[in-house]
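Below is one structure, written out as structure tokens; the observations come after it.
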Amino acid sequence: MKAATAELIKRLEGRTPKTALVLGSGLGAFVDQIEDAIHISYDDLEGFPKSGVSGHAGELVVGTLNGKSIIVLSGRIHYYEQGDASAMRLPISVLQAVGVERLVLTNSAGSLREDLPPGSVMLITDHINWSGMNPLIGEPTDARFVGMTNAYNKEMKTSIREAAKSANVELGEGVYMWFSGPSFETPAEIKMARMLGGDAVGMSTVPEVILARFIGLEVAAFSVITNFGAGMTGGELSHTETKEMAPMGGEKLGKLLAAWLGANTDTKK
Ligand code: HPA
């Protein structure tokens, strides 16, 4: 972790972003909004993931959005790639080591609600860890017993709702349910997920939320809805559909995040 931290501090050239953003599948276009951007390949940061999922760039983009400094992680590693739920621990820890205080996580997800169609953006208010995995398995200290009652930061949720209003972006809210993937869910699993209280299903984010809370970062998270859950409409699901549909909600999310960052008085330049 030391090598990656030292390298990143050098490349930041005095910038001190307090906010970092992790981009989900198909949401890479967000980085086009970043001004004065510098791109740092994960290959230059020791221990950063070599994500093989198409739709993920594998680079860190640093710059400003609406006048505020931000670090964007374009590309994450998922549990389903190597069976390691803690794969994002090093990158998230490095962000904190360079001064990041809040982490905004994004993903593409399947909707479990008719009133949340593809193209919608959902603020994640809570999650269900259906994978049974946890990134803190093996962590030897008592710090592993992380409280998750307020995992999704209350103040951030409030300021995000305000930003959505001011930017005129329709924002749904709901519970994200983590399935390990990489196969999509069956119609029976989607029926179950709906009964259990999920609003969207996906294959990421939850381990990162747990890791971020473990080290004390404030967290907010969004799902960009790319499809209805399996069996809700009849068609087969595919990663191609995810990548094709994500930019629609991604554009709304970009607008909302720009408004939120701009209005966020404690998001230091
Ligand atoms: N299920 C799981 N992950 C997803 C989906 C889905 O329907 N859509 C996009 N990511």
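The values are calculated or read from the model by the stated rules, or taken from the named source; none is laboratory data. Computed from a prediction, not measured in an experiment: that's the story for all the values here. Reconstructed Cβ throughout: ideal geometry from the backbone, glycine too, with neighbour counts over all protein chains shown. Ligands, DNA and RNA are stripped out before the accessible areas are found, and what is left, the full protein with its side chains, is counted by its heavy atoms. Shrake-Rupley method; radii C 1.70, N 1.55, O 1.52, S 1.80 Å.
Below are the figures for this structure:
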item	result
Protein accessible area in the range 2-264, 1.4 Å probe - carbon and sulfur %	50
Amide hydrogen neighbours beyond the local backbone of F228, cut-off 5 Å, H modeled	S111
Nonlocal amide H pairs with V219, under 5 Å, H built at 1.01 Å	L103, N153
Between 0 and 90°, nearest 10: helix 2-12 axis offset from the chain longest Cα axis	80
Share of Cα-Cα pairs in the chain lying beyond 23 Å, as whole percent	48
Magnitude of the charge dipole, the chain, Cβ model with Lys/Arg +1 and Asp/Glu -1, debye to 20	600
Counting DSSP beta bridges with both ends in the chain, the antiparallel % (nearest 5)	35
Loop-located GluC sites (Glu not before Pro) in the range 124-174, at most 12 other Cβ atoms within 10 Å (DSSP)	E170
Cα centroid of the range 219-257 to Cα centroid of the range 137-211, whole Å	15
For the range 31-45, 3J(HN,Hα) per residue [Karplus equation, 6.51 cos²θ - 1.76 cosθ + 1.60, θ = phi - 60°, Hz, x = Gly/Pro]	5, 5, 7, 6, 9, 6, 6, 10, 10, 10, 5, 4, 4, 8, 10
Space enclosed by the convex hull of the alpha-carbon atoms of the range 34-111, per residue, Å³	123
On Cα atoms only, tilt of 206-215 relative to the major axis of the chain in degrees	30
Options Y176, G119, G83, ranked by Cα towards positive dipole end of the range 2-264, top entry (Cβ charges)	Y176
Under the Karplus curve 6.51 cos²θ - 1.76 cosθ + 1.60, θ = phi - 60°, whole-Hz ³J(HN,Hα) for the range 164-170, x wherever Gly or Pro sits	4, 4, 5, 8, 6, 10, 6
In the range 2-264, lysine pairs closer than 20 Å at Cα, eight or more apart or cross-chain	22
The range 2-264, accessible area per residue, ligands and nucleic acids excluded (1.4 Å, Å²)	42
